[in-house]
Amino acid sequence: MNKKIFLEFLISFIINWILIYINLPIFRKFFPDKPNKRSSHIQIKPSGLGIVFVVTSSMFFFLNKNYLFLANSLLGIIGLIDDRLNLSASIRFFVQFLFVNFLIHQSHLFDSIFQNNLLIINFIIWLFSNLILIGIINFINFMDGIDGLVAGSMIFVVLTSSVILNQNFYSLISALLAFLFWNWSPSRVFMGDVGSTFLGGFIVSAITNSSSIEFSLLIFISCMPLLLDALVCLLRRFIDNQKIFEPHKLHLYQRLVQEGWSHSLVSSIYIGSSAIISITCISKNIIAITIAIISLIIIGYSLDKNHAKPFISS
């Protein structure tokens, strides 16, 4: 890590830590997260403080000329409004649709994929890509339900993206570390939709800005501990004929907490899994990546069957 990157890392950490501290009373008043039957916490805590790392990261994206990543701030703004006013799902989806298609339009990777294909083939690719990329944004949002899980796991996803794309995202890693200080169990703040949708948008931006399908897949794989839980939960609810768009507490991480596991333990499992998966992705060793993914699936299955609350709709 050269001096410039280290200085940005340090400055970002200090700025984020101080801004969260200063803004706690404001967000406690205007963005209170009140527990309900779907919550995994029992006390009112300030939400929406993900806006701090959204603003500082956007500033560093600009300074480091990562201009396309500035589009993530749009998701952050909509997320902040949603945290305050509870926007309809249709509005959120429309903004996510515009965001994803802006990135696809700007992507050199997609330009190369779309070349020399029949129109119907390109339409299928476009449709499938929208489904996956919008799904990623929402899956990261779904996973932000207990202390430290998303912030801690995303540190390694951002690290992987920075190395794979050879771009400076270390200020975002530092910002997440500062946020994690306040968000670790027992948490004093939540990032809210402003933070989780911004982070989901970052993943989508990294995937679409890759120079090859291989690099896109490596970044996607680095998110597996977060995405697999959300995807498996969605599929199981669909198979059980549940209303998949209604709030619930059926993700694996939620059912482990309901069974008495602490937030810190569950989050540590996900963060540790993210670290291992990220290391294998950075190594680009297909055997190591395959072993890590298979191990992740086995561990997830074991936790679900032997330790989590049964998958029953409440």
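The values are calculated or read from the model by the stated rules, or taken from the named source; none is laboratory data. As the structure is a computational prediction, the values presented were derived from the model and not from experiment. Note that each Cβ is placed from the backbone with ideal geometry, even for glycine, and that neighbours are counted across all protein chains shown.
Report yes if Leu70 is under 27 Å from Glu246 (Cβ atoms), modelled with pLDDT under 95 and touching a helix residue (DSSP H, G or I) at 6+ places or on another chain (Cβ under 9 Å), otherwise no.
Working: under 27 Å from Glu246 (Cβ atoms): no; modelled with pLDDT under 95: yes; touching a helix residue (DSSP H, G or I) at 6+ places or on another chain (Cβ under 9 Å): yes.
Here the answer is no, as Leu70 does not meet what is asked.
Taking Leu131, is it surrounded by fewer than 23 Cβ atoms within 10 Å (Cβ to Cβ), in a helix (DSSP H, G or I) and either without any contact (Cβ under 8 Å) to a residue 24 or more places away in the chain or not charged (D, E, K, R) (or both)?
yes
Could you list, in sequence order, the residues of segment 67-84 that are closer than 18 Å to Ile207 by Cα and either under 19 Å from the mean Cα position of the chain (by Cα) or among the acidic types (Asp, Glu) (or both)? Don't jump to the end; show me each part of the working.
Of all residues in segment 67-84, those closer than 18 Å to Ile207 by Cα come to 67-75.
Listed by number, the residues that qualify are Leu68, Phe69, Leu70, Ala71, Asn72, Ser73, Leu74, Leu75.
Before we move on, is Leu103 under 21 Å from the mean Cα position of the chain (by Cα), touching a residue at least 12 places away in the same chain (Cβ under 8 Å) and part of a helix (DSSP H, G or I)? Yes: the conditions hold for Leu103.
Within segment 169-215, being surrounded by fewer than 20 Cβ atoms within 10 Å (Cβ to Cβ), within 22 Å of Phe102 (Cα to Cα) and of a type outside the set (A, V, I, L, M, F, W, C) holds for Ser211, Ser212, Glu214. Of all the listed residues (Phe94, Phe62, Phe53), the sole one being assigned to a helix (DSSP H, G or I), more than 29 Å from Asn166 (Cα to Cα) and either without any contact (Cβ under 8 Å) to a residue 12 or more places away in the chain or of a type outside the set (Asp, Glu) (or both) is Phe94. Does Ala178 count as in contact (Cβ under 8 Å) with a residue 60 or more places away in the chain and of a type in the set (Gly, Ala, Ser)? It is true that Ala178 is in contact (Cβ under 8 Å) with a residue 60 or more places away in the chain and of a type in the set (Gly, Ala, Ser).
Here is a check on your reading of the model: is Phe202 part of a helix (DSSP H, G or I), free of Cβ contacts under 8 Å to residues at least 12 places away in the same chain and not acidic (Asp, Glu)? In short, no. Of the numbered criteria (1) among the basic types (Lys, Arg); (2) assigned to a helix (DSSP H, G or I); (3) touching a residue at least 40 places away in the same chain (Cβ under 8 Å), the one Arg38 fails is (2). Of the residues Phe245, Phe215, Phe220, Phe238, the single one that is at pLDDT below 95 and in a helix (DSSP H, G or I) is Phe238. Of everything in segment 285-314 that is within 22 Å of the chain's Cα centre (by Cα) and in contact (Cβ under 8 Å) with a residue 60 or more places away in the chain, the residue that is farthest from Leu149 (Cα to Cα) is Ile289.
When Gly50 is tested against (1) of a type outside the set (Asp, Glu); (2) over 30 Å from Trp261 (Cβ atoms); (3) buried (at least 20 other Cβ atoms within 10 Å of the Cβ), only condition (2) is not met. The listed residues are Ile146, Ile81, and the only one of them that is assigned to a loop (DSSP other than H, G, I, E, B) and under 25 Å from Pro247 (Cβ atoms) turns out to be Ile146.
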